[in-house]
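**Q** Dropping a structure here in structure tokens format, bear with me for questions.
The values are calculated or read from the model by the stated rules, or taken from the named source; none is laboratory data. On a predicted model such as this, the values are computed, not experimentally measured, just so you know. All Cβ positions, even for glycine, are placed from backbone atoms using ideal geometry, and neighbour counts span all protein chains on display. Note: accessible area is taken over every heavy atom of the protein model, side chains too, but ligands, DNA and RNA are not part of it. Shrake-Rupley method; radii C 1.70, N 1.55, O 1.52, S 1.80 Å.
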Amino acid sequence: KFAAYCSWPRAMKIDGKWYRTIWLKDDSTVQIIDQRHLPHNFVVEDICSAQDMEVAIKDMHLRGAGLIGCAAAYGMYLATRAVTEDHPALTSAEIREHLQAAGEKLQATRPTAVNLRVGVERVKKAVAAVLAGEPRDVAKATVDAARTEAANFTDEDADFCHRIGEAGAEILQRIYQSKSEASSGTSKRVNVLTHCNAGWLAFADWGSALSPVYAASDKGVDIHVWVDETRPRNQGASLTAWELAKHGVPHTVIADNTGGHLMRTGMVDVVITGADRVTRAGDACNKIGTYLKALAARDNNLPFYVALPSSTIDWNLRDGADIPIEQRADDEVKYAEGLCADGKRRKVLLTPPESPAGNWAFDVTPARLVTGLLTERGLSAASEAGLEKLFPEESKMQKH
């Protein structure tokens, strides 16, 4: 009945069952995988209002650039449904005003990832188009339009990520072939280093940075992933490691500061990360610590790729310095949470109670350090000219 699953290949299989990270349970309920409980417990959460979705995004029940875009789109669907049910006599203009307010609240939850704004705008635009046609049943028409667009946006996210995987797999296959030809008793395994979580838990399915890994692994490439733990929320240790294990991909969790040593000693072949926002000139904003990996990769002559669907490109920005960098609560740095020997989750204080902490969630890697951008349309140079070549329609819109 609903577009919870699509016809193209799916990556996300948990204990033998296919999942997405977000889907419609019924007309009034969106369901998500509550990532706060991973890797130790698999919990599905019901989201029944736009306000529920705001909390889920802000408090990171779900996270990842692509997924929060999908969540925002479904949040707008829930907002549309609520306003037409609570105020059935509203005019088209009043409905648009309510959705504008709902969209602003959703966008305020996480300021860095541009996908959130795109998800909100896509649903607003779809509803506005329907209202412009002056439908006889305004409530039904607007709700149907919002639901359809949220589902389409989520399907598109999964499709784009699958295409990213196919494009990136070609790079990994070439590395594998090169190592195989040069092999004289040494390992032919391709070693990928990644930061944070840019797998299917960060999108509707497949992911960005990990999609090439899954695609290459499924094609028989011997591949291993170095997984940065990614302090302070440990998305690498808890989420990336979990989904790689579920897919059967060999991996090793490492402390955040280990990557440079591994690169210098020849234990890394390629670095692939995701992004939360990329400017039209190729500057890439991603989880804090990504910039350091790019610097180390450059110093060791290793390729550094950023994988992203086009919904992550901010065509309105040229300079990465203009990307707003989210600052989160001190407690995320001062405390750590995990599973104790008695099977219970606990939070423990790591620092002196009186010590303050700084918690910048993202940093920006300048385009000059990026080997290439992996998109759903293939590999692009990390430059304005490169992106305009792949997405000429966006270039034309900017000029107008």
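**Q** For the chain, give the percent of accessible area contributed by carbon and sulfur heavy atoms, probe 1.4 Å, rounded to a whole number.
**A** 49
**Q** To the nearest 10 degrees, how steep is helix 65-86 against the longest Cα principal axis of the chain, on a 0 to 90 scale?
**A** Once rounded, one gets 10 degrees.
**Q** Right, next: Leaving out ligands, DNA and RNA but keeping every protein chain, what accessible area does residue 12 have, in Å² rounded to the nearest 10, with a 1.4 Å probe?
**A** 0
**Q** Report relative contact order for the stretch 89-173 in percent, whole number only (criteria: Cα-Cα under 8 Å, sequence separation at least 6).
**A** Reported as a whole number, the value is 24 percent.
**Q** Helix 114-132: angle to the longest alpha-carbon principal axis of the chain, degrees 0 to 90, nearest 10?
**A** Once rounded, the angle reads 30 degrees.
**Q** Put +1 on the Cβ of every Lys and Arg and -1 on every Asp and Glu Cβ in the stretch 123-272; which of 135, 197, 160 then has its Cα farthest towards the positive end of the dipole?
**A** Towards the positive end, the residue furthest out is 197.
**Q** Label points 7 Å out from Cα along the Cβ direction at residue 148 and residue 15: separation in nm?
**A** According to this spin-label approximation, the distance is 3.7 nm.
**Q** Taking the Cα centre of the stretch 66-157 as the origin, how large is its charge dipole in debye, to the nearest 20, when only Lys and Arg (+1) and Asp and Glu (-1) carry charge on their Cβ atoms?
**A** 160
**Q** Now a separate question. Amide H of residue 223: which non-local residues (sequence gap of 5 or more, or other chain) have their own amide H closer than 5 Å, using H built in the peptide plane?
**A** Long-range HN contacts for residue 223: 190.
**Q** Pull up all non-local amide H partners of residue 376: gap of 5 or more, or a different chain, and H-to-H distance under 5 Å with H placed in the peptide plane.
**A** For residue 376, the qualifying residues are 310.
**Q** Just the Cα atoms of the chain: what Rg and Dmax do they give in Å?
**A** 21.2, 76
**Q** Determine the relative contact order of the chain: mean sequence separation of Cα pairs under 8 Å and six or more apart, normalised by residue count, in whole percent.
**A** With pairs under 8 Å counted, the relative contact order is 15 percent.
**Q** Given the options 12, 325, 171, identify the residue whose Cα lies farthest towards the positive end of the charge dipole of the chain (+1 on Cβ of Lys, Arg; -1 on Cβ of Asp, Glu).
**A** 171
**Q** While we're looking at this one, here's another question. Protein chains only, probe 1.4 Å: how do 322, 34 rank by accessible area, largest first?
**A** Putting 322, 34 in descending order of accessible area: 322, 34.
**Q** Work out the charge dipole of the chain with +1 on the Cβ of Lys and Arg and -1 on the Cβ of Asp and Glu about the Cα centre, then indicate which of 23, 39, 119 is farthest towards its positive end.
**A** In the chain, that residue is 39.
**Q** Can you tell me the dipole magnitude for the stretch 1-157 around its Cα centre, using point charges on the Cβ only (Lys, Arg +1; Asp, Glu -1), in Debye to the nearest 20?
**A** Roughly 460 debye, rounded to the nearest 20.
**Q** Which value, in Å² and to the nearest 10, is the accessible area of residue 313 when all protein chains are kept and the probe is 1.4 Å?
**A** Here the residue's solvent-accessible area equals roughly 10 Å².
**Q** Now a separate question. Add -39500 (n - 2.57) for each DSSP H run of 4 or more in the chain, then divide by its residues: what number comes out at 222 nm, to the nearest 500 deg cm²/dmol?
**A** So the helix-based figure for the chain works out to -13000 deg cm²/dmol.
**Q** Still on this structure, I have one more. Could you tell me the accessible area of residue 59 in Å² (1.4 Å probe, neighbours in place), rounded to the nearest ten?
**A** Using a 1.4 Å probe on the heavy atoms, I get roughly 80 Å².
**Q** For the stretch 139-291, what does the convex hull of the Cα positions come to per residue, in cubic angstrom?
**A** Looking at the stretch 139-291, the number lands at 141 Å³ per residue.
**Q** Let me ask something additional. From the backbone phi of the stretch 360-368, what are the Karplus-calculated ³J(HN,Hα) couplings (6.51 cos²θ - 1.76 cosθ + 1.60, θ = phi - 60°) in whole Hz, Gly and Pro given as x?
**A** Once θ is set to phi - 60°, the couplings for the stretch 360-368 become 6, 7, 9, 9, 10, 9, x, 4, 5 Hz.
**Q** What's the ranking of 375-386, 208-219, 108-119 by average number of surrounding C-beta atoms within 10 Å, highest first?
**A** Going from most to least packed, we get 208-219, 108-119, 375-386.
**Q** Residue 179: which aspartates and glutamates have alpha carbons under 15 Å from its alpha carbon, excluding same-chain residues fewer than 8 sequence positions away?
**A** Excluding near neighbours in sequence, the set is 170, 222, 269.
**Q** Long-range amide H contacts for residue 208: which residues qualify at under 5 Å (H placed 1.01 Å from N, peptide plane, sequence gap of 5 or more or a different chain)?
**A** 199
**Q** With +1 assigned to the C-beta of every Lys and Arg and -1 to the C-beta of every Asp and Glu, and no other charges, what is the dipole magnitude of the chain about the Cα centre in debye, to the nearest 20?
**A** Charge dipole, the chain, about its Cα centre: 780 debye, nearest 20.
**Q** Right, another one. Where does helix 92-107 land angle-wise versus the long Cα axis of the chain, in degrees 0 to 90, nearest 10?
**A** The helix 92-107 is inclined about 30 degrees to the chain.
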